[in-house]
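To keep things clear, I will list the structure first and then write my remarks on it.
The values are calculated or read from the model by the stated rules, or taken from the named source; none is laboratory data. As the structure is a computational prediction, the values presented were derived from the model and not from experiment. Backbone-built Cβ (ideal geometry, glycine too); neighbour counts: all protein chains shown.
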Amino acid sequence: MTVFKVSSKQNFLSEVMEMAIKLYGDNFSNLKIILPSGIACNNLQKMLVQKFGSCILPDVISLSEITINSEEIFKIPSDQVGSISRLEEKITLAEVIHEYKKLNYDQIQCLRLAPSLANLFYELEANNINIEELKNLPVLDQPEHWFKIYDFLVYSYTVWNKKIIDLKKTSRALYQKMVFDSELKNIKKNPEKGLIMAGICGNNLMSNNFIQEAIKLDNCHIILLPFPNESSQIIKNKSNFSPDVCKLIQLIEDNHFKTVIINKWHDSIVDKLIMDTDASNLEQHIDYIKFENIFHEAEYIALKCNEIIAEKPNSKIAIITHDQQVKEQYSIYLEKYNLTYQDQFGHNILQSSAITLITLIAEQIYCPFNLKKFFSFLSHPLINCILALELKKLVRKKNRFAPNMQVISNIVRDSENSGLIDFFSDIQGLLENQQPSNKFNILLKQTLSIAEKLVPNIWISHQEIVEPLMELCQLKTNFLITNVENFSEILKQTLNGGRIFVKSNSNITIANPNSIALINYDYVFITDMNEGSYPSINASSPWINNAMQKKLKLTGNQAKMDCALYDFYLNIQNKNVILTRSKRDITNKKTLPSPFILNLKYILGDKFKVQNAKAIFGQQNSVNEITSAKANIFPNIIYATDVETLIRAPYNFYLKKILKLRKIDEINEYPNLADFGNFFHNVMDNYTKNYQPFNHNKQQQIIDIADSILLNSNVPIYSKKDWRIKITAMSNELIAYDEMRRKKAVKIYSEITGSINLDIKGNTITLKSIADRIEINSKNQATIMDFKTGAIPATKDILSGLSPQMLVEAIILADNGFGFKSTLDKIIYIKINSSKPYIKTTELVITPDEIMQHKQGLIKLIEHYIDSLEFLIEPSTMKYDDYKHMARRI
């Protein structure tokens with residue numbers, strides 16, 4: 001038996017095609033070619049079509065069509081008739097886990113654990129390991145815990161197999177074994193038919209046995225993966241190959257198979273790069289770029305792709321990454337620059353707009369009413385409309401804490417808007433008239449029925465989700481939901497891991513390292529080259545530890561490292577390779593470089609170019625380059641709080657006073673400290689203005705005032721109870737403090753508005769403020785008081801004018817702006833605490849000269865902005881910034 005090998009990756013597919021032509025060129029219909037990945041198959045098929053046109057060509061399939069390795073990713077739809085599908089497997093195993101009461105997992109947890117359990121059972125069956133062999137594994141610590149796990153594994157494997165038989169299906173591993181056996185029988189039975197397995201290595205005992213039997217047949221031809229040159233320093237010896245490659249090499253050596261090189265030996269471009277001492281005459285470039293964060297990394301890659309495509313539209317580009325979440329960042333920036341791409345990872349089915357709508361519908365019909373989620377549902381892109389926006393505005397205005405649909409119905413009815421009334425009535429009717437059930441398929445069908453009524457063409461426009469949902473509806477297993485409120489989350493967990501693959505003819509491909517290792521590209525970006533990301537070898541099983549896996553001869557961490565290294569070796573065999581990493585990951589944690597980077601840097605020396613990301617990134621034209629906003633006018637009315645905004649965050653002043661932008665209170669946003677502050681001010685204002693000196697139960701008066709305010713408030717009941725408890729607890733201290741202040745006061749003003757006009761640069765600017773409380777004593781001296789349920793500003797900020805609210809009120813008072821003549825005695829901040837002591841005061845004396853200095857400073861500040869009309873975007877030193885999310889701040 002002869003085994004063939006190629007000299008380098010650059011020639012791999014072309015030499016596979018050459019062998020196919022040589023052996024079966026007269027009758028391609030008798031030939032089947034198996035390659036490691038679907039993308040390799042596509043490339044070979046294109047090469048064959050380009051050479052032979054649309055005649056009968058060999059059947060080219062990927063290894064994944066015979067063996068399935070992934071734990072989470074199920075095909076949509078499953079093409080394994082007779083085998084249990086991924087969805088069936090997941091739900092069946094989740095039921096098994098849930099039935100095992102000793103673990104006491106809920107159904108959501110069971111669905112999360114099911115894929116890892118399925119993967120373990122698959123590995124055991126594929127490697128011909130009896131479940132009971134696990135009992136003899138060495139246990140280093142916590143033996144009682146392991147034996148509990150072992151008992152569960154035996155139980156679940158037994159019950160699971162029984163359920164598979166009841167479904168009249170077979171497990172994936174057993175089905176694959178039947179496929180392998182069938183393939184071998186077909187080859188043996190039909191000697192005129194041929195099989196070429198190129199770049200194929202077994203990854204378990206079952207696939208190794210298949211290769212071992214196939215390699216003995218005269219009509220089966222093996223082409224090994226590209227070997228590095230014997231002098232290669234990247235992979236120093238065969239033991240550093242992928243362990244699957246090593247096993248195949250050992251098999252060839254043990255059976256004394258003849259090894260023949262197809263065509264002449266050519267050193268790979270990586271080996272040439274290592275051996276060539278003349279760095280000026282290299283045919284390959286490997287650059288290494290470090291970025292401050294993943295967002296800079298992603299944007300650079302997108303910009304570079306854009307530049308390459310603009311210069312050479314036919315360039316083939318690969319972006320290699322290792323993680324779905326990180327891939328999403330690269331996708332975002334590619335789409336930002338309108339770059340299409342082939343996504344070999346697939347799109348997460350849970351991110352399909354149709355699936356997000358379906359899960360939102362499930363929340364509405366099976367969960368307790370939640371106002372925020374209700375409007376999230378109505379805001380979904382597939383059903384959002386003008387009436388939905390009108391409804392949200394109306395409810396936000398009338399009662400942003402509406403507790404149920406009936407309250408919303410009353411609000412809508414009172415609006416007398418017939419269109420809105422009909423719209424809400426239709427939505428309410430759809431959501432409320434459902435058949436009670438705990439059966440998964442019934443709950444799902446009801447949900448899908450509503451989706452169809454809301455979006456009649458949903459299945460036509462989202463055909464990619466039809467088959468998995470149809471499979472769920474037709475499940476033979478009797479999947480019962482223990483808590484119907486969890487149905488939406490259970491549906492998400494059931495579909496979690498599903499991928500939707502969209503065909504694209506783009507020259508840009510995003511893929512994992514293994515799937516494109518045998519493909520040639522003009523440019524390859526190997527991204528996220530951080531320790532722990534590449535190689536990523538820490539995905540351990542929750543059921544058996546690494547030592548147990550090693551004992552069972554399952555793939556261990558070192559084997560994963562070797563596989564990753566070999567893929568890396570193949571992927572850097574491209575003309576232009578750019579290795580990238582960010583110094584901080586997506587969570588902003590500092591990162592370390594991948595060991596592959598360090599090894600390559602050592603091997604290549606000066607030929608390994610390290611570039612400064614800041615130097616190459618350049619200054620891109622973007623909204624972030626604009627440093628200020630230009631206005632046409634300066635507002636003629638400003639409040640004390642606006643002055644502080646103008647000082648601390650000029651751009652916020654521009655947004656609020658000139659563009660008239662205001663923060664909108666979100667639907668069902670929990671009442672915050674500011675809401676309690678408004679309530680407290682209302683209570684104190686009412687108490688002060690309706691003071692009853694001879695009332696001997698002033699505490700009850702405060703409580704009655706609070707109850708009256710809360711009765712007409714829309715805040716949730718739990719907030720009303722909480723606020724009432726707070727105001728009751730602090731009432732005695734408030735009364736005592738008020739009584740003490742009244743002994744020295746002749747007159748007390750509450751929530752009093754004051755204003756003065758300032759003539760600045762020919763403009764009349766009205767300066768206004770509302771003082772919480774002003775007391776006048778017998779000497780006609782005023783004390784300005786401010787209640788604070790939040791933090792009191794620092795004394796230095798008050799005196800310097802950085803926190804100017806009370807200073808502005810002092811300026812207004814000095815010019816008789818509150819409607820009476822008085823001189824300032826002092827200002828007092830009254831901090832309201834949530835526990836004893838409930839009252840803490842800060843008193844400051846401001847002299848008339850200091851007031852005048854602050855007034856002149858205020859005038860100069862306003863003069864500057866009237867002259868320039870320019871408001872800097874940065875800095876912003878506001879403690880609470882309602883505008884931090886604006887585009888120019890991001």
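Against the test of being in a loop (DSSP other than H, G, I, E, B), more than 29 Å from I289 (Cβ to Cβ) and either of a type outside the set (K, R) or modelled with pLDDT under 90 (or both), the options T494, T477 yield a single qualifying residue, T477. Within segment 28-50, being free of Cβ contacts under 8 Å to residues at least 12 places away in the same chain and of a type in the set (S, T, N, Q) holds for N42, Q50. Within segment 571-614, being touching a residue at least 60 places away in the same chain (Cβ under 8 Å) and among the small types (G, A, S) holds for S582, S594, A613.
Results for (1) surrounded by fewer than 19 Cβ atoms within 10 Å (Cβ to Cβ); (2) touching a strand residue (DSSP E or B) at 6+ places or on another chain (Cβ under 8 Å); (3) at pLDDT 90 or above; (4) not basic (K, R), shown as yes or no for each residue.
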| residue | (1), (2), (3), (4) |
| --- | --- |
| H98 | no, no, yes, yes |
| L111 | no, no, yes, yes |
| I129 | yes, no, yes, yes |
| E133 | yes, no, no, yes |
| Q142 | yes, no, no, yes |
| F147 | yes, no, no, yes |
| S171 | no, yes, yes, yes |
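Restricting to segment 392-432, what's the tally of residues that are among the hydrophobic types (A, V, I, L, M, F, W, C), in a helix (DSSP H, G or I) and under 17 Å from E669 (Cβ atoms)? So the count comes out to 4. Of the residues making up segment 643-659, at least one is under 36 Å from the mean Cα position of the chain (by Cα), exposed (fewer than 13 other Cβ atoms within 10 Å of the Cβ) and not small (G, A, S).
Pairs are defined by a Cβ separation below 6 Å, a sequence spacing of at least 6 or placement on different chains, a first member in segment 626-640 that is surrounded by 12 or more Cβ atoms within 10 Å (Cβ to Cβ), and a second member that is in a loop (DSSP other than H, G, I, E, B) and modelled with pLDDT of 90 or more; the pairs so defined are A631/L869.
Is at least one residue of segment 615-637 out of contact with any Pro (no Cβ under 6 Å at 6 or more places or on another chain), of a type outside the set (D, E), in a helix (DSSP H, G or I) and modelled with pLDDT of 75 or more? Scanning segment 615-637, I find no residue that is out of contact with any Pro (no Cβ under 6 Å at 6 or more places or on another chain), of a type outside the set (D, E), in a helix (DSSP H, G or I) and modelled with pLDDT of 75 or more, so the answer is no. Taking the numbered list (1) assigned to a helix (DSSP H, G or I); (2) touching a strand residue (DSSP E or B) at 6+ places or on another chain (Cβ under 8 Å); (3) more than 15 Å from E775 (Cβ to Cβ); (4) of a type outside the set (K, R) in turn, L758 passes all entries but (1). I481 passes every criterion in (1) closer than 30 Å to Y521 by Cβ; (2) of a type in the set (A, V, I, L, M, F, W, C); (3) touching a Lys or Arg at 6+ places or on another chain (Cβ under 9 Å) apart from (1). Right, D825: more than 44 Å from the chain's Cα centre (by Cα) and surrounded by 12 or more Cβ atoms within 10 Å (Cβ to Cβ) or not? Here the answer is yes, as D825 does meet what is asked. Among the residues of segment 500-513, the ones that are at pLDDT 90 or above and either more than 24 Å from the chain's Cα centre (by Cα) or not in a loop (DSSP other than H, G, I, E, B) (or both) come to 6 in all. Among the residues making up segment 14-60, those that are over 25 Å from F501 (Cα atoms) and acidic (D, E) are E15, E18, D26. Scanning segment 435-450 for residues that are touching a residue at least 24 places away in the same chain (Cβ under 8 Å) and over 24 Å from A94 (Cβ atoms) yields a count of 1. Only a single item in (1) crowded, with 16+ Cβ neighbours inside 10 Å; (2) out of contact with any helix residue (DSSP H, G or I) (no Cβ under 7 Å at 6 or more places or on another chain); (3) not small (G, A, S) is not met by N505, and it is number (1). Taking every residue in segment 293-313 that is among the acidic types (D, E) and pairing it with any residue that is part of a helix (DSSP H, G or I), at least 6 positions away or on another chain, the pairs with Cβ-Cβ distances below 9 Å are E297/Q329; E297/Y330; E297/A613; E299/Y333; E299/K336; E299/F617.
Report, by residue number, each residue of segment 17-46 that is under 23 Å from S207 (Cβ atoms) and among the hydrophobic types (A, V, I, L, M, F, W, C). If the condition is that a residue be under 23 Å from S207 (Cβ atoms) and among the hydrophobic types (A, V, I, L, M, F, W, C), then M19, A20, L31, I33, I34, L35, I39, A40, C41, L44 are the ones that fit.
Would you point out the residue of segment 844-883, among those that are basic (K, R) and either within 22 Å of P635 (Cα to Cα) or not assigned by the TED database to the domain that holds I637 (or both), that is surrounded by the fewest Cβ atoms within 10 Å (Cβ to Cβ)?
K860
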